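Peer 1: Have a look at the structure that comes next, please.
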Amino acid sequence: MILYNITVNVEKDVEAEWLTWMKDTHIPFIMETKMFEENKMFRIMHDSEDGGINYSVQFFAKNMDLVMTYQNKYFDAHNALVQKKFPRKLAIFMTLLEQV
C-alpha cells in the first residue's frame, strides 16, 4: 500500500471555503481517476508560524504504478484547478509513504 500524502497550509481567510471545496469537489474528482482506493483528511493539530491552518490530505493506492499513473496523467490538471481556485492562498507539498 502506498500513501500519497498532500500537506496543505491554508490561509485562514479561505479555510472554510477550501475545506468545503476539497470535500465536495476536489477529492471526489481525484477519486474518480480510480488510481486510489481510499482517502482521508486530517487537520494537523499544531499551530503554524505563519498563521495558516495545516491539513494532511491522504490518498491510498495499491501500488506505486498507480501513483505514478496519477502523477503523469492527472496531477497537472488537478493542481491547476487548485491554483486557479485559491491563487497564492495555499502552500502545498507531497510525500509518498510505503506501508511496511
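Peer 1: Which pairs turn up if I take residues in segment 47-69 that are in contact (Cβ under 8 Å) with a residue 24 or more places away in the chain and over 29 Å from Glu15 (Cα atoms) and look for partners that are part of a loop (DSSP other than H, G, I, E, B) and of a type outside the set (Ser, Thr, Tyr) with beta carbon separation below 8 Å, at least 6 apart in sequence or on another chain?
Peer 2: Matching pairs, first to second residue: Lys62/Met1; Lys62/Glu37; Leu66/Met35; Leu66/Phe36; Thr69/Met35.
Peer 1: Here is a follow-up. Criterion first (modelled with pLDDT of 95 or more, buried (at least 16 other Cβ atoms within 10 Å of the Cβ), at negative phi and out of contact with any helix residue (DSSP H, G or I) (no Cβ under 8 Å at 6 or more places or on another chain)) does Met35 satisfy it?
Peer 2: No.
Peer 1: Same structure, new question: Give the residues of segment 75-91 that are outside any helix (DSSP H, G or I), under 13 Å from the mean Cα position of the chain (by Cα) and more than 16 Å from Trp21 (Cα to Cα), sorted by residue number. Give the steps one after another, and end with the answer.
Peer 2: So in segment 75-91, the residues outside any helix (DSSP H, G or I) come out as 86-91.
The next check asks that each one be under 13 Å from the mean Cα position of the chain (by Cα); those that pass are 90-91.
Within segment 75-91, just Ala91 meets the criteria.
Peer 1: Okay, next question. Applying the selection to segment 62-74, what residues are in a loop (DSSP other than H, G, I, E, B) and either under 17 Å from Ala16 (Cα atoms) or among the basic types (Lys, Arg) (or both)? Working first, answer last.
Peer 2: Taking segment 62-74 as the starting set, the residues that turn out to be in a loop (DSSP other than H, G, I, E, B) are 62-63, 74.
Within segment 62-74, just Lys62 meets the criteria.
Peer 1: Using the structure shown, decide if Val67 is of a type in the set (A, V, I, L, M) and more than 15 Å from the chain's Cα centre (by Cα). Walk me through how you get there before you give the answer.
Peer 2: Values: of a type in the set (A, V, I, L, M): yes; more than 15 Å from the chain's Cα centre (by Cα): no.
The answer is no for Val67.
Peer 1: Looking at segment 61-87 only, could you name the residues that are in contact with a strand residue (DSSP E or B) (Cβ under 7 Å, 6 or more places away or on another chain) and surrounded by fewer than 16 Cβ atoms within 10 Å (Cβ to Cβ)?
Peer 2: Across segment 61-87, the qualifying residues are Asn63, Met64.
Peer 1: From the list Phe93, Phe75, exactly one residue is without any contact (Cβ under 8 Å) to a residue 24 or more places away in the chain and among the aromatic types (Phe, Trp, Tyr). Which is it?
Peer 2: Phe75
Yes or no, residue by residue, for (1) touching a strand residue (DSSP E or B) at 6+ places or on another chain (Cβ under 6 Å); (2) loosely packed, with under 14 Cβ neighbours inside 10 Å; (3) at pLDDT below 95:
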residue	(1), (2), (3)
Val14	no, no, no
Trp18	yes, no, no
Trp21	no, no, no
Thr25	no, yes, no
Arg43	yes, yes, no
His46	no, yes, yes
Tyr55	yes, no, no
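The values are calculated or read from the model by the stated rules, or taken from the named source; none is laboratory data. The model shown is predicted, which means the values in this text are computed figures rather than measured ones. Cβ coordinates were reconstructed from backbone atoms using ideal geometry, including for glycine residues, and neighbour counts include every protein chain displayed.
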